[in-house]
Amino acid sequence: MSRAQPIDDAAPTDLRRLLAFRAHGAARLLLGCRARLEDVEGAVAAGQRETAVLMAYELVQLSLSVRGLRTEGELTYGRDEVAFDPFAGVPADEIRDGLRLAAEGGDVADEDAEAWLERLRAHIADTEAQLGYAEPLPDVRSGSGMMKGFKLARTWEPLLRRASLPDLLPDAWKRRAD
């Protein structure tokens, strides 16, 4: 007789929340977090430490908002909307650790900047791992990755629609040119 697996306390407990977490979480990572990580990397490479730290704060907050989707995070993300709470549903220790990580970028010496970037990359990788996909999400900033990203969205869209959840992609992206 097989033993039952222990229940993961962080796992979503209802189907709608699971769909939101896996689908909208992946979209946020692909479209938002990865772009912000590239911005941080570019700012570090250009010696723009203040810009790197500000972008790291945005990156960490968006990453934490993905983690919050497991339980009560907001499904729609409107950049620059003051009402959006990136910390909804995120444990306090994860918030503290994430914000500390972003802030540490202002204190690292130039020779330690790559180590800080690796820690940011690890934070994003941890967020992606929590989504539970069998393989890494595609890089949508590459030609083949963009198509894989659209395939992922097309896979999730019917399920989201059936569960009365918001679409992943803006309507303008899905309209056909006549």
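The values are calculated or read from the model by the stated rules, or taken from the named source; none is laboratory data. A quick note: this is a predicted structure, and the numbers were derived from the prediction, not measured. Counting neighbours? That spans all protein chains shown, and the Cβs are built from the backbone with ideal geometry, glycine included. Each accessible area value is taken on the protein alone, full model and side chains, heavy atoms only, with ligands, DNA and RNA left out. Shrake-Rupley method; radii C 1.70, N 1.55, O 1.52, S 1.80 Å.
Below are the figures for this structure:
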| quantity | calculated |
| --- | --- |
| Contour minus Cα-Cα distance for Arg161 and Asp112 (0.36 nm per residue) | 13.0 nm |
| Highest to lowest packing among 16-29, 128-141, 59-72, scored as the average C-beta count within 10 Å | 59-72, 16-29, 128-141 |
| Region 57-103 - convex hull of alpha carbons, volume per residue in Å³ | 65 |
| Cβ-Cβ FRET estimate between Arg100 and Glu38, R0 fixed at 22 Å, reported to 0.05 | 0.50 |
| Accessible surface of region 22-106, 1.4 Å probe, proportion on carbon and sulfur as whole % | 51 |
